[in-house]
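The values are calculated or read from the model by the stated rules, or taken from the named source; none is laboratory data. It should be emphasised that the depicted structure is a prediction, and the values quoted were computed from it without experimental measurement. Note that we place each Cβ from the backbone using ideal geometry, even for glycine, and neighbour counts take in every protein chain shown.
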Amino acid sequence: MESLDWGQLPQQLVNGLQLGAIYALIALGYTMVYGVLKLINFAHGDVYMVGMYLAYYTAMQWFNREAMNPYVLLFLMLIISMVGCALLGLLIERVAYRPLRNAPRISVLITAIGVSLLLEHGGLLVFKTSPPPSIAQDVNVFSQTMDIFGVAVTQSRLVVFGVTVVLMFLLWYFVTQTQTGRAMRAVSHDFNTAALMGVNVSRIIGITFIIGSALAGAGGMMNATALGTPLTTFAGLLPGVKAFVAAVLGGIGNIPGAVVGGFIMGIAENLVVWGGLGGYKDAVAFVILIIILLLRPGGLFGSPVDKV
Amino acid sequence: MFHRTRFSGGALLAAAALAGILGCNPTGGSNGGKTANGGSEDPIKIGLIASLNGELKPWGEDSMRGAQLAVKEFNDAGGLNGRKVELIVEDTASRPEQGKTATEKLLNEDQVLAVLGEVASGITQPAAEVCQAAGVPIIAIGATRVDITEIGEYVFRACFTDNFQGAAMAKFAYEDLGLRRVAMLTDKKQPYSTGLSDIFRKAFESFGGTIVAEEFYEGGNIDFQAQLTNIKAKNPDGLFCSGYFNEVGPIARQREALGLNVKMVGGDGWDSRELIQSGGTGIIGGFFCNHYHNSEDRDEVRNFVEAFKKEYGNEPATAMGALGYDAATILLDAIKRAEKIDSKSIRDAISTTKDLKGVSGSLSIGPDRNAQKPALVLEVKKDDFEPYKQVPFFVFEG
Amino acid sequence: MAAATVTPSFAPGRYVLVRLLSFLLVAAIAFVVERQVVPSLNNYDATLIVRSLLYASLAVSLNLINGITGQFSVGHAAFFLVGAYVSGYVTRNYFDSQDPLLWITGMTVVGGVAAAIAGIVVGLPSLRLRGDYLAVATLGFGEIIRIIVQNQDGKNLSFGGLDLGGAFGLNKIDKLTHVWHVVVLFILIVALCRNLLKTSHGLSFLAVREDELAAEATGVNTTRTKVVAFVLGAAMAGMVGTLFAHHEGFITPVTFDMSTSFLILTMVVIGGTGSITGAALAGAALKLLEEALRKIDQIPAIDLLGYIVSALLVLLLVKTLRRSRFGENGRHVFLSLLGAVALAGAVVKGLALSGDADSGYVRFVGWAMLAVGSLSILFIVVALVRRAGATVGERMLTGLGWAGALIALVGCYVHWFTGVSVVIKVSVIAMLLALAAFTTLSGHGRRGMPAFGAVVALFGSLIVVKMPVTMALHSVPFIEENLKDTLYSPNNLRMAIFAFLLVVVMLVRPIGVLGHHEFSWDLVKRMFGMKHKQQEIAV
């Protein structure tokens, strides 16, 4: 192993932020669902995968048609992914999770794993997977690279970063400042009491799933467009788990925490590669997870609790 | 202990599971037990194992189609004096342990006389061990790992080895592209990629070049900026990506975005048109080593591509279509020449294959049971791959 | 809730005798397997036995952690990996002409100990975690171990130049595993778990599962119990890994990835969290199902879609009926009628097939369908006449239940003539027979007969509803154009089927098929009317 190349550190940190933005976007959905339902929605990563596919099929449908402004196309892809994923999220909640509302948490978790496997393997029948398709580079109108103080920054990834931060603030505003958001926090705090106080719990949970899944859809669309990720039905598995780690890292249920957690994860992964241990990149997320669970199970910004 | 609780749910699900197994359409089973493979009117049974599921599906599916096409043509032309050949296909799901059971199933249940496949070395390894132990010849379709054919005298292959492929690309990079400082990106999850990188490193260094960096990722990763940033710092003039096209595409895009302006070079894992889509402008001008190309100007290639199109509606998407076809051709030719129709005689006939006209070039089985064929370097253009140069067969001892 | 049978008086003589006899029995089984069964099997059959028993053992070992102790570990493949790799590495480098039996026994211990150490490493830190956090942490550990092994190729990224073959894996491990080793290991693992539950140690495992706080309050050392569960479960998985490595001769990191962990978890959850019987059966059944699916014909996409749509329709129907004013009886009658229609359909189809000129096998199946269909309808009539149940619906369902048992029996017979491996045949037939015997003979099975009939009715209605649905789907231009020629091979649907089963089991019966139930000789005795007095204490 050679010595570290400190000159590359700024670039690696920026790379980390860019990668982290993607994790953060998925982590927001995780954190919302967990915050309200206390459920690790394992299928969340697969909803993200569906979002990538929806974006791909939209792009295939309208790309290279005349009278289609590329910016409009991107917007359309974003909307279709978000709406499609929101509907899927709602469907999953209604069919798989709602009947188990009063079941032990483990049962719900196993169901979530089952739904995740079902989306991955059932998706093979529905989506084009062989060979894995990807969104054409020309769809991405923000593909130029800028040079900022010697650090290369791709425009599209800057957009992803910006959108993530904006969405985080919107979400934070929604949860803390609006009536529905207050209801959401009430449900998160105490299910039964909230119901007694006149909060329509089912509706709130539905809204949570809609928002969380829509965010995953947005993440999927932006990721697939910006990176040219080849799409397989398993593409959501690892990003999903890593995003969950990001959510735990930031303190699950905590919206800014999820985003910060995502950034830390992205930077950590980049630093591992920078240190010459590229083969262990995927293990970092889990190492971070285990360390954080042992030292501060509530996460960086969560309330410290003794046991989780 | 079964206590007095309602057991209905249990019975229900057990019944469901059993109904699932029973659901095997009874008419689909064979007519009461195994049929012997001996009678002169019965078809000659050969087997094929392929990754029809999982991450290697694009290649596995093509290899199956190619082999099926060859068998169909053989039967349409009258078979072996009127006796047909039946190809039984089993899925390996891209997993070695499934490859083993698939092969055992073919050998023991279907009593095949020879086996074709697999496209990946890691899956061919256990399959070949099974075949060697049973004394049934196996012709690997896309297993390029060097030591596969060292398992025994019943193991052959229709493709070139990594020893040749890696050395050919190293030679091409050094001599034709004039590269001297090359960085490598290796997929740590794929034995194919790690093996190819090793050979390339050895060969390139033996020609006098330098490997300035080797970075790693895992198949399924999406972001490679960290590795590329490291590589950029080493200031190379070439980038060798030994992985599959799934990751090479995004690598190419991100390489360009980072301003790492080097020539990209790779192995036959690049071989899919999707690479052009996922790689965008970043991949254009890259070179990779392949077994043949659909647009090559040879009769065999033209006929094959035409027949393939007619049968399946599109051109073979990867070279495994042609290699599957060639592997089946070698086997069918051997069946024709064999003294008797049994595994031993077929093996002996395969080992004496000489100058058979195949899609991927003239097929001869060498003393090490490998096919000795040239490699074709393809250049990635905006719309398609284009043959750039043929590298004749040579022996590189790594 | 589970019930534990506590023998009121302890008789040491009998205890020793029983233990001695069981050891002799195990030895006898091993002998029979090695000398009588294995020589008549081919390699494929032997591999099927080995794989199914190994996975059954894995499921049983995970069940100790997940089912019995109530922890939620999702990284079980990691322990499997550690056992396989450590023993495989040792054998590959040091085995040469030692006594194979002695060596493999030693290796099993080595693999078990190595995995147990991994179990401590994973178990100790995870003790602070509960439920879903523990799940993700164990998943993480599993991946970390796999990635570490994957990087050990004796080159730049490996620790101290350790060479485990990297991504390619370890090959040329001497194939020392015999089928009987696997049989004995399976029996030992099951016996260990089973006997553990009969001791006070075992009860403390259950106590931790039921209520950790209460267990602690009653003096159970919950920390110790959990660590012991992890270590034991891991050690068993490590032993399984040893035999696996020495059976395959070639192991790669991919074999032990997340999807393997999920597969083992699926086995435990479907079989019944907490049931050793359930885990073992589900483990063997799911592994065999994987191979059985190879033999099934491809399904046209539209047919598959038809099945899915009609399954949803039937579920919707049942749900609507449940809310409707027809009440339970009406629902039963309606379901039974649909089932009866399906049986009538079988008669018609049987008539058509029995005249098939080409294939004797098809004629045979036709006659079987004809006979079974008519007899089944007769059963319903008899049940109605005999008033076997409180309501008309219950009577009809009881008749259908008997019909189902008959179908299972005839299914066994027909199944014998399909082309699948003899191992799969035998296991399917054994399970069908057990099911038929249980539903017809056992006391409360008889009470479960209407419920079993309801299942038959549901399947029947599925088939009935599917026909018009498929026709309707064929007439939709969009679907017809896109899916007309698409065929799915059931083998490709394998994991989707497992996942679907998992979700359905969770929705229908979150506790798993067998729940906390176990197979016991008491049950067999009760089935054949040889009830004996026992004291039962509900826990």
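General observations
- Residue match in the range C:266-279 (condition: at the interface with chain B (Cβ under 10 Å from one of its Cβ atoms) and either of a type in the set (A, V, I, L, M, F, W, C) or under 30 Å from C:Asn482 (Cβ atoms) (or both)): yes
- Only one entry of C:Ala282, C:Ala234 meets the criterion of being farther than 25 Å from C:Ala114 by Cβ and at pLDDT 90 or above, and that entry is C:Ala282.
- Residue ID - farthest from the other protein chains (Cβ to nearest Cβ), chosen from residues in the range A:2-40 that are over 30 Å from A:Val108 (Cβ atoms) and not in a helix (DSSP H, G or I): A:Ser3
- In the range C:144-158, the residues that are at the interface with chain A (Cβ under 7 Å from one of its Cβ atoms) and more than 16 Å from C:Val82 (Cβ to Cβ): C:Leu157
- Single unsatisfied condition, A:Val83 versus (1) β-branched (Val, Ile, Thr); (2) in contact with a Ser or Thr (Cβ under 9 Å, 6 or more places away or on another chain); (3) in contact (Cβ under 8 Å) with a residue 60 or more places away in the chain: (2)
- The range C:140-165 residues that are touching a residue at least 24 places away in the same chain (Cβ under 8 Å), paired with ones that are of a type in the set (Lys, Arg) (beta carbon under 7 Å, 6 or more apart): C:Gln150/B:Lys188; C:Gln150/B:Lys189
- All positions within the range A:91-114 that are more than 20 Å from C:Asn66 (Cα to Cα) and at the interface with chain C (Cβ under 7 Å from one of its Cβ atoms): A:Ala96, A:Pro99
- Across the range C:11-50, the number of residues qualifying as within 14 Å of another protein chain (Cβ to nearest Cβ), of a type in the set (Ser, Thr, Tyr) and within 20 Å of C:Leu185 (Cα to Cα) comes to 1.
- Tally, over the range B:294-334, of residues that are over 15 Å from B:Ile139 (Cβ atoms), polar (S, T, N, Q) and away from every other protein chain (no Cβ under 14 Å): 3
- Residues in the range B:227-250 that are facing chain A (nearest Cβ under 7 Å) and in contact (Cβ under 8 Å) with a residue 24 or more places away in the chain were compared, and the one that is farthest from A:Gln12 (Cα to Cα) is B:Asn246.
- Test: residue in the range A:148-166 that is buried (at least 21 other Cβ atoms within 10 Å of the Cβ), part of a helix (DSSP H, G or I), out of contact with any Pro (no Cβ under 7 Å at 6 or more places or on another chain) and away from chain B (no Cβ under 14 Å): yes
- Qualifying residue in the range C:223-239 (condition: among the aliphatic types (A, V, I, L, M), in a helix (DSSP H, G or I), touching a strand residue (DSSP E or B) at 6+ places or on another chain (Cβ under 7 Å) and more than 23 Å from C:Arg19 (Cα to Cα)): no
- Any hit, the range A:74-90, residues being modelled with pLDDT under 90 and within 14 Å of chain B (Cβ to nearest Cβ): no
- Identification of helices (runs of 4 or more DSSP H) wholly contained in the range B:215-331 with 1 or more residues that are at pLDDT 90 or above and not aliphatic (A, V, I, L, M) yields B:225-233, B:245-258, B:299-312.
- The residues listed here are C:Val423, C:Val456, C:Val465; of these, the one that is more than 8 Å from every other protein chain (Cβ to nearest Cβ), closer than 23 Å to C:Ala342 by Cβ and not in a loop (DSSP other than H, G, I, E, B) is C:Val465.
- Flag not set for C:Ile144, criterion: aliphatic (A, V, I, L, M) and over 14 Å from C:Ala78 (Cα atoms).
- Test result for B:Ser278, within 14 Å of chain A (Cβ to nearest Cβ), without any contact (Cβ under 8 Å) to a residue 60 or more places away in the chain, crowded, with 22+ Cβ neighbours inside 10 Å and out of contact with any Cys (no Cβ under 7 Å at 6 or more places or on another chain): yes
- Condition check for C:Ala78: touching a Gly at 6+ places or on another chain (Cβ under 6 Å) and either modelled with pLDDT under 90 or in a helix (DSSP H, G or I) (or both): yes
- In the range C:383-398, the residues that are surrounded by 15 or more Cβ atoms within 10 Å (Cβ to Cβ) and farther than 21 Å from C:Val465 by Cα: C:Ala383, C:Leu384, C:Ala388, C:Gly389, C:Thr391, C:Val392, C:Glu394, C:Arg395, C:Thr398
- Single match in C:Ala496, C:Ala472 (criterion: closer than 29 Å to A:Ala112 by Cβ and either within 11 Å of chain B (Cβ to nearest Cβ) or free of Cβ contacts under 8 Å to residues at least 24 places away in the same chain (or both)): C:Ala496
- Per-region count, the range A:249-292, residues of a type outside the set (Phe, Trp, Tyr) and out of contact with any Ser or Thr (no Cβ under 9 Å at 6 or more places or on another chain): 24
- Residue within the range C:428-448 that is more than 12 Å from chain B (Cβ to nearest Cβ) and either among the acidic types (Asp, Glu) or without any contact (Cβ under 8 Å) to a residue 40 or more places away in the chain (or both) present: no
A quick yes/no check of all residues on (1) crowded, with 24+ Cβ neighbours inside 10 Å; (2) at pLDDT 85 or above; (3) in contact with a Lys or Arg (Cβ under 7 Å, 6 or more places away or on another chain):
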{"residue": "C:Arg19", "(1), (2), (3)": "no, no, no"}
{"residue": "C:Leu24", "(1), (2), (3)": "no, yes, no"}
{"residue": "C:Ala30", "(1), (2), (3)": "no, yes, no"}
{"residue": "C:Ser61", "(1), (2), (3)": "yes, yes, no"}
{"residue": "C:Ser73", "(1), (2), (3)": "yes, yes, no"}
{"residue": "C:Tyr85", "(1), (2), (3)": "yes, yes, no"}
{"residue": "C:Asn93", "(1), (2), (3)": "no, yes, no"}
{"residue": "C:Gly106", "(1), (2), (3)": "no, yes, no"}
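- Contacts under 8 angstrom Cβ, first residue in the range B:211-226 being within 7 Å of chain A (Cβ to nearest Cβ) and of a type in the set (S, T, N, Q), partner surrounded by 24 or more Cβ atoms within 10 Å (Cβ to Cβ) and in a strand (DSSP E or B), 6 or more apart: none
- Test: residue in the range B:115-125 that is over 21 Å from C:Gly249 (Cβ atoms) and either within 10 Å of chain C (Cβ to nearest Cβ) or of a type in the set (S, T, N, Q) (or both): no
- Every test in (1) surrounded by fewer than 21 Cβ atoms within 10 Å (Cβ to Cβ); (2) modelled with pLDDT under 90 is passed by B:Ile88 save one, and that test is (2).
- Failed criterion for C:Ala346 (all others in (1) under 19 Å from C:Leu406 (Cα atoms); (2) free of Cβ contacts under 8 Å to residues at least 40 places away in the same chain; (3) surrounded by fewer than 19 Cβ atoms within 10 Å (Cβ to Cβ); (4) hydrophobic (A, V, I, L, M, F, W, C) hold): (3)
- Flag if C:Gly160 is under 26 Å from the mean Cα position of the chain (by Cα) and in a helix (DSSP H, G or I): no
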